[in-house]
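Peer 1: Below is a structure I'd like to ask you about.
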Amino acid sequence: MKLATYNNGRRDGQLMLVNRDLTKAVAVPAIANTMQELLDSWDLLEPQLKELYEALNEGMLDNAVDFDQTKCHSPLPRAYQWADGSAYVNHVELVRKARGAEMPESFWTDPLVYQGGSDCFIPPQADIPLASEDWGIDFESEIAVITDDVPMGVSVDAAANHIKLLMLVNDVSLRNLIPGELAKGFGFFQSKPSSSFSPVAITPDELGDKWQETKVHLPLVTHLNDELFGKPNAGVDMTFNFAQLVSHVAKSRPMGAGAIVGSGTISNYDRSAGSSCLAEKRMLETIADGKPSTSFMGFGDKVRIEMFDDNGASIFGTIDQTVVEYKG
């Protein structure tokens, strides 16, 4: 299934069922009004939605409307939890190499995860308002999963069954604020403003054989100012899969339905596919030339993030955003 949330003037929006080719959508208030309402009763409501989804794809629903990505919130406009990992350890290794630091061996066996702000996500095709270009504005192209209720101490095998939906992510980062925050020894906060998620969330079965070992085996495509920036394959060099990340997050506490867990920046050892954030490109430039030559984003810069199937069709819709000055 494919699902979206339209902005209807209410904080949590209106749940929409979207057809496979992202051309038609229908509200389903008789089943659930919001994405969170659906996730709270997933096992009960999913079979009803599946039946409607097949009818929508066959063009049998008279109340279907043209799907409009510009009307979309992030699928969950707010969430009880947003935990972002760093599953592509080669990316972490590169960060440390650029500043001449060794990476602890434990990073290959114990995932890195931070808890992000989840009370106010940015719609996927809305501007990104920030107060200063001096903060080092960066995008991070990622994938995330949404879970149902996950018990504390869940095993990796069992965690896979709790993954209900997948989305794309723009995890906005303020690189020049990060060092000072991390130096305090208490983690990210101001350096991680609101994130954005793709217009559409999908059930894993929509990916067919591209969903294996709880990894998405497709390129994630990023354009910066309409020029291709990177298209690394999300299924390659992912040290920790999504089941492992969910199990790690739930080690000492349960996760409520609607919890979001991110992959971290998609990154491949083969750098010919490009990168998924400016920081990685700047690191590669620093290693090669002694200093970076690529700037961070400024006001007016645009980022577009999307994923396509083997036929070139968009799977999740498009994150398409412009950085603008926030004036309060």
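The values are calculated or read from the model by the stated rules, or taken from the named source; none is laboratory data. Fair warning: this is a prediction, and the values are worked out from it, not measured in the lab. All Cβ positions, even for glycine, are placed from backbone atoms using ideal geometry, and neighbour counts span all protein chains on display. These accessible areas exclude ligands, DNA and RNA; they are computed on the full protein's heavy atoms, side chains included. Shrake-Rupley method; radii C 1.70, N 1.55, O 1.52, S 1.80 Å.
Peer 1: Provide, for region 212-328, the number of lysine pairs with alpha carbons under 25 Å apart, each pair being eight or more places apart or on different chains.
Peer 2: 10
Peer 1: Let me ask another. Please give the Cα centre distance for region 64-84 versus region 107-169, rounded to the nearest Å.
Peer 2: Distance between centres, Cα-based: 14 Å.
Peer 1: Choose one answer from A183, A64, A259: the residue with the largest mean-square fluctuation in a GNM of the chain with alpha-carbon springs under 10 Å.
Peer 2: The residue with the greatest mean-square fluctuation here is A183.
Peer 1: Separate question: Work out how much length L44 to N311 would gain on full extension: take 0.36 nm times their residue separation and subtract the Cα-Cα distance, in nm to one decimal. Mind dumping the intermediate values first?
Peer 2: Details: separation 267, 0.36 × 267 = 96.12 nm, distance 3.34 nm.
Result for the pair: 92.8 nm of gain on full extension.
Peer 1: Here is a follow-up. Pop out the ³J(HN,Hα) list for region 54-59 in order, Karplus 6.51 cos²θ - 1.76 cosθ + 1.60 with θ = phi - 60°, rounded to Hz; leave Gly and Pro as x.
Peer 2: 5, 5, 5, 5, 8, x
Peer 1: Sort C277, C120 by heavy-atom solvent-accessible area, probe 1.4 angstrom, most to least.
Peer 2: Values: C277 0, C120 80 Å².
Greatest to least solvent exposure: C120, C277.
Peer 1: Relative contact order for the chain using alpha-carbon pairs under 8 Å, separation at least 6, rounded to a whole percent?
Peer 2: Relative contact order of the chain: 23 percent.
Peer 1: With a point put 7 Å past each Cα toward its Cβ, work out how far M152 is from E37 in nm, to one decimal.
Peer 2: 3.2 nm
Peer 1: What do you get when you divide the Cα radius of gyration of region 79-204 by 2.2 N^0.38 Å, with N the number of residues?
Peer 2: Details: Rg = 15.9 Å, N = 126, 2.2 N^0.38 = 13.8 Å.
Rounded to two decimals, the normalised Rg is 1.15.
Peer 1: Rounded to whole Å, give me the distance from the Cα center of region 1-42 to that of region 238-256.
Peer 2: 26 Å
Peer 1: So, one more: Which FRET efficiency value, to the nearest 0.05, do you get for F299 and V65 by plugging their Cβ-Cβ distance into 1/(1 + (r/R0)^6) with R0 = 30 Å?
Peer 2: So, using R0 = 30 Å, E works out to roughly 0.30.
Peer 1: Each label point is 7 Å from the Cα along the Cα-to-Cβ direction; what then is the distance between the points at L182 and A30, in nm?
Peer 2: 5.3 nm
Peer 1: Quick one: work out the % antiparallel among DSSP beta bridges in the chain, nearest 5. Before the final figure, lay out the partial values.
Peer 2: Numbers: 51 of 58 bridges.
Counting DSSP beta bridges with both partners in the chain, the antiparallel share is about 90 percent.
Peer 1: In nm, to one decimal, how far is the E93 label point from the A288 one, both placed 7 Å along Cα→Cβ?
Peer 2: For the pair E93/A288, the computed spacing is 1.9 nm.
Peer 1: Cα centroids of region 259-274 and region 182-206: how far apart, whole angstrom?
Peer 2: 13 Å
Peer 1: Let me ask something else. Efficiency by 1/(1 + (r/R0)^6): what FRET value for E213 and E102, r their Cβ-Cβ distance, R0 = 35 Å, to the nearest 0.05? Write out the running numbers ahead of the final one.
Peer 2: On the way: r = 29 Å, r/R0 = 0.83.
Result of the calculation: an efficiency of 0.75.
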